[in-house]
Amino acid sequence: MKMDKDTLKREEPWRQRKTVVFMSDFGYQDGAVSAMHGVADQVDSSLKLEDLTHDIPQFNIWEASYRLIQTVEYWAPGTVFVSVVDPGVGSERESVAVLLSSGHIIVTPDNGTLSHVAKGIGILERRRISEVTNRLKDSQRSYTFYGRDVYAYTGARLAAGVITFDEVGPLLDNEPVMLEMNDPLSEDGCITGSIDILDTRYGSLWTNIPDTLFFSSGFSYGDKIRVDIEYRDRTVYGCTLPFCRNFTEVEKGESLIYINSLLDVGIAVNQGSFTDLYGVKTGMGWKIRFSRI
């Protein structure tokens, strides 16, 4: 559900939710994630602190952007997300908090991480984090852990109601940094889209093609469909695959087309990994085409 800015600013639902969800590329091998939790806990020990994932591949802004759109709207409005995939940490990139039309807040470096939520949900307001007031005490000499010193601290203060959204910092009127994203296209019996992400544990490909477009273009369960995959205009895969409701409609080790949990078109191998078998990756430059045969 989308809400107008006046309603959200008046009700400030994050004051009631008191929930912070963290995401990063830090992994769990050291104390970085725990340090962010600790900062938030010191702001308000009654906050609910959760993790989206800390296994984003290092520096992979595209995947960070996708994991936010995959997850945000399944949390209640007012939830504050702290997203830290920040290869430019300490540089001139902006540190921001954004208010989405869904009522969620994301605290993050403005480096492209907001691309999918900006396009798919909508940003009502974006503010630069003022490090004069919204920075962990005595952390000014540190330039390489904004996740702890600025983002976790600011996100927790918002979630706890210590500060209002207006008190984050000055309002920004320019557009956020956006990654290159292409809309799916249906034309002459073919659909072209992007390979946005992996279902990581199982190696399945998730496209940006919604099931509604797929069905309205004439494809039906049981069809045999030509699939071609390109990376920067070079064909890396081409085969005819069945369109199935579930994985068991093909033999173990065979590939299929299916509709994933976000109701987008995917490609999988029954009890196997499509990306491992065929070396197909995801993100910018990866395109897929479905054609009738």
Condition set out of contact with any Ser or Thr (no Cβ under 9 Å at 6 or more places or on another chain) and open to solvent by less than 10 Å² (accessible area, probe 1.4 Å), scope segment 156-191, selection nearest to M23 (Cα to Cα): answer is A156
Every listed condition ((1) more than 16 Å from L172 (Cβ to Cβ); (2) outside any loop (DSSP other than H, G, I, E, B); (3) small (G, A, S)) holds for S91 save (2)
Over segment 2-54, the set of residues assigned to a helix (DSSP H, G or I), over 21 Å from L136 (Cβ atoms) and of a type in the set (A, V, I, L, M) is L8
Going through (1) open to solvent by less than 10 Å² (accessible area, probe 1.4 Å); (2) modelled with pLDDT of 95 or more one by one, D41 fails only at (1)
Per the filter on segment 253-267, residues closer than 20 Å to L185 by Cα and exposed (fewer than 12 other Cβ atoms within 10 Å of the Cβ) are L263
Of (1) in contact with a Pro (Cβ under 9 Å, 6 or more places away or on another chain); (2) among the hydrophobic types (A, V, I, L, M, F, W, C); (3) open to solvent by 50 Å² or more (accessible area, probe 1.4 Å), V250 satisfies every one except (3)
Within segment 68-87, restricting to residues that are outside any loop (DSSP other than H, G, I, E, B) and without any contact (Cβ under 8 Å) to a residue 60 or more places away in the chain, the one that is surrounded by the most Cβ atoms within 10 Å (Cβ to Cβ) is L68
Residue hits (segment 226-240; within 10 Å of F290 (Cα to Cα) and buried (at least 16 other Cβ atoms within 10 Å of the Cβ)) are V227, D228, I229
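Could you check segment 112-219 for strands (runs of 3 or more DSSP E) lying wholly inside it with 2 or more residues that are over 22 Å from W62 (Cβ atoms) and touching a residue at least 40 places away in the same chain (Cβ under 8 Å)?
123-128
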Note on segment 270-293: residues assigned to a strand (DSSP E or B), open to solvent by 10 Å² or more (accessible area, probe 1.4 Å) and of a type in the set (A, V, I, L, M, F, W, C) are W286
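The values are calculated or read from the model by the stated rules, or taken from the named source; none is laboratory data. Quick caveat: nothing in here was measured; it's all calculated off a predicted structure. Using ideal geometry, Cβ is built from the backbone for each residue, glycine included, and neighbour counts are taken over all protein chains shown. What goes into the accessible areas is simple: the full protein's heavy atoms, side chains included, and nothing from ligands, DNA or RNA. Shrake-Rupley method; radii C 1.70, N 1.55, O 1.52, S 1.80 Å.
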